[in-house]
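This report refers to the structure that appears directly beneath it.
Taken together, the values in this text are just the output of simple stated rules run on the coordinates, not laboratory data. Worth saying up front: this structure is predicted, and the values here are computed from it rather than measured. Glycine also receives a Cβ, built like all others from the backbone with ideal geometry; neighbour counts cover every protein chain displayed.
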Amino acid sequence: MNIVVCLKQVPKKDSILRIAADQKWIDDRDISYEMSEADAYALEEALRQREKHGSGEVIVLALGPERVRQSIKEALAKGADRAIHLHDDIFNSATDAAGVARALAAALKDEKFDLVFTGLQSDDYGFAQVGLILAETLGLSSATIVMEVQPEGDSVRVKRELESGWFQWVKIPMPALLTIQSGINQLRYATLKGIMAAKKKELKEVKAADLGLTAQALQPAQVIEKAYLPIKSKQTEIIAGKPAEAAAKLVEKLKFDARVL
């Protein structure tokens, strides 16, 4: 069974975030990066599926600048068989979910796979859309918020997390794309043996021209106009009148203005 895992690198959770001078996103100077949490669980599930079935390979696919290789090498050290790195200035144009999905789809058009795993959503933008758009672009069946994966011949049975503690079992044909929920398994650490072995594994760098992609083709349909920190303010209002009237007004304000009731 061949499984492709799409990985994204995001700022570490303990990073001190500052708004960039152009107010379009954060200032990425002096920020450390790590693999997005849900993607790490997607990678772990892919490795477990390969180990369980005893055949096939796990292919890592990532898009981004040179620093993304750190997360790619981490995935290889944990056990992934090979990796594809989409590394080109043109890919910087793919700043929304649709653009990223188009780039990933182009990279997968010649790959043979049974399953594609993505994290449910990234830790930075949190769109939760790349996996779904990628599935639609590739013409794959898909399932989201997956908590358990059970391949069965030409199909895969998955357990989906719903609202209010409910779960749903669905069966879809393969090849398929699954967006993996954090907590589906227990993450492993890279061993020294794995780190050494990763140095000999294939890490293919792919340019936009190799995929026939242009900056125009990756232009985002959605853009961030302004990023800013919430403004903290305090306001005191005195409600005058008789106790019963004041209490009624207070309840009304808590219900309709503050929306805490």
Next on the checklist: Taking 8 Å as the Cα distance limit and 6 or more residues as the minimum spacing, I'd like the relative contact order of segment 3-218 as a percentage.
Outcome noted: 26
Checklist entry - Taking only Cα atoms, what is the 0 to 90° angle, nearest 10, from helix 97-108's long axis to the longest principal axis of the chain? => result 10
Item to check | Nonlocal amide H pairs with VAL206, under 5 Å, H built at 1.01 Å | outcome: HIS85, LEU86, HIS87
Item to check | LYS234/ILE26 FRET efficiency (R0 25 Å; Cβ-Cβ; nearest 0.05) | outcome: 0.40
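For the chain, the longest stretch holding no chymotrypsin sites (Phe, Trp or Tyr not before Pro) located in a DSSP loop with at most 15 other Cβ atoms within 10 Å is which? Provide the component values of the computation, followed by the final result.
Details: sites that count: TRP25, TRP166, TYR189, TYR228.
Result for the longest clean stretch: 26-165.
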Checklist entry - Which of the residue pairs LYS73/LYS159; LYS159/LYS255; LYS8/LYS199 have a Cα-Cα distance greater than 28 Å in the structure shown? => result LYS73/LYS159; LYS159/LYS255
Checklist entry - Using alpha carbon centroids, what distance separates segment 62-95 and segment 1-58, in Å? => result 10
Checklist entry - Do any trypsin sites (Lys or Arg not before Pro) in segment 61-155 lie in a DSSP loop with no more than 12 other beta carbon atoms within 10 Å, and if so, which? => result LYS109, LYS112
Checklist entry - Given the C-alpha centroids of segment 109-138 and segment 208-254, what is the distance between them in whole angstrom? => result 28
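Restricting to bridges with both residues inside the chain, how much of the DSSP beta-bridge set is antiparallel, in percent to the nearest 5?
In the chain, DSSP labels about 40 percent of beta bridges as antiparallel.
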Checklist entry - Between LYS193 and GLN219, how many nm apart are label points set 7 Å from Cα along the C-beta direction? => result 5.3
